[in-house]
Amino acid sequence: MTLRTAAPDDLAAIMRLERETFPTDAWSEPMLRDEIASPHGRYVVDAEAGRLLGYGGVRAVAGAPDADIQTIAVAAEARGRGRGRALLRELLATARSRGARSVFLEVRDDNPNATALYASEGFAQIGRRPRYYQPDDVDAIVMKLDLAAWADAHGVGGAHSGASAGADAGSAAKGWC
Ligand SMILES: CC(C)(COP(=O)(O)OP(=O)(O)OC[C@H]1O[C@@H](n2cnc3c(N)ncnc32)[C@H](O)[C@@H]1OP(=O)(O)O)[C@@H](O)C(=O)NCCC(=O)NCCS
């Protein structure tokens with residue numbers, strides 16, 4: 001699989017996958033355009049033969065101690081083959097390279113697959129936000145990762161190590177994964 005930083009030209013394909021993946025609470029095109037363009041995060045795409053199979057984004061302001069996974073999505077037909085984990089690791093490496101020490105995310109309480117992915121990378125549940133996802137009325141599980149421990153476990157370099165170089169993105173205040 002090939003991961004690369006998202007470019008403005010990826011927006012249409014990202015929006016298609018966004019609407020397929022999150023039919024009740026997809027982000028709008030202007031929001032995702034801003035996310036991709038922002039210097040305060042990074043969006044990554046997984047594309048093969050010109051086809052978008054996945055994308056993910058992290059908000060990681062340079063020098064800030066906390067970063068947030070904004071989203072991760074893999075096309076339904078491409079799931080279960082390690083793409084989600086690869087996207088997540090790339091985003092975590094980006095956060096690490098920018099100096100973050102902790103990474104946070106919210107995940108729907110009715111999404112055991114994503115929760116298992118996050119837990120297997122070392123995220124721990126630290127809270128719950130009742131009825132966070134509307135209109136579905138589903139709780140959010142809030143999770144946190146100690147990035148130094150994760151980096152040690154995976155041999156990822158420290159801040160500004162160049163572990164995840166590339167152009168940047170991401171600006172929404174709400175992590176919504
Ligand atoms: C969550 C998602 C990104 C995972 O992507 P993926 O490419 O299928 O995941 P991977 O193949 O990398 O699997 C990584 C881990 O996720 C968990 N997982 C993924 N699919 C699973 C399933 N069907 N059942 C149980 N666990 C699953 C497992 O822990 C798995 O590790 P393992 O293979 O060692 O058991 C993907 O299912 C998806 O896009 N879902 C819809 C959008 C979404 O929920 N995004 C997350 C919002 S917070």
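The values are calculated or read from the model by the stated rules, or taken from the named source; none is laboratory data. Please read these numbers as outputs of a predicted model, since none were measured by experiment. We place every Cβ from the backbone using ideal geometry, glycine too, and count neighbours over all the protein chains shown.
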Worksheet item: Inside the stretch 137-156, can you point out the residues that are part of a helix (DSSP H, G or I), free of Cβ contacts under 8 Å to residues at least 40 places away in the same chain and closer than 25 Å to Arg79 by Cα?
Response: Ala153
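Pro30 - would you say it is under 21 Å from Tyr133 (Cα atoms), out of contact with any helix residue (DSSP H, G or I) (no Cβ under 8 Å at 6 or more places or on another chain), modelled with pLDDT of 95 or more and more than 16 Å from the ligand (Cβ to nearest atom)?
Details: under 21 Å from Tyr133 (Cα atoms): yes; out of contact with any helix residue (DSSP H, G or I) (no Cβ under 8 Å at 6 or more places or on another chain): yes; modelled with pLDDT of 95 or more: yes; more than 16 Å from the ligand (Cβ to nearest atom): yes.
Against the criterion (under 21 Å from Tyr133 (Cα atoms), out of contact with any helix residue (DSSP H, G or I) (no Cβ under 8 Å at 6 or more places or on another chain), modelled with pLDDT of 95 or more and more than 16 Å from the ligand (Cβ to nearest atom)), Pro30 qualifies.
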Item to complete: Among the residues of the stretch 47-68, write down those that are out of contact with any Asp or Glu (no Cβ under 9 Å at 6 or more places or on another chain) and part of a strand (DSSP E or B).
Response: Glu48, Arg51, Asp66, Ala67
Item to complete: Evaluate the stretch 89-104: report whether one residue or more is without any contact (Cβ under 8 Å) to a residue 60 or more places away in the chain and either polar (S, T, N, Q) or closer than 23 Å to Pro135 by Cα (or both).
Response: yes
Discussion item. Whether any residue in the stretch 121-136 is more than 8 Å from the ligand (Cβ to nearest atom), surrounded by 15 or more Cβ atoms within 10 Å (Cβ to Cβ), part of a strand (DSSP E or B) and not polar (S, T, N, Q) is what I want to check.
Written reply: yes
Worksheet item: Within the stretch 83-103, can one find any residue that is crowded, with 21+ Cβ neighbours inside 10 Å, within 12 Å of the ligand (Cβ to nearest atom) and not in a helix (DSSP H, G or I)?
Response: no
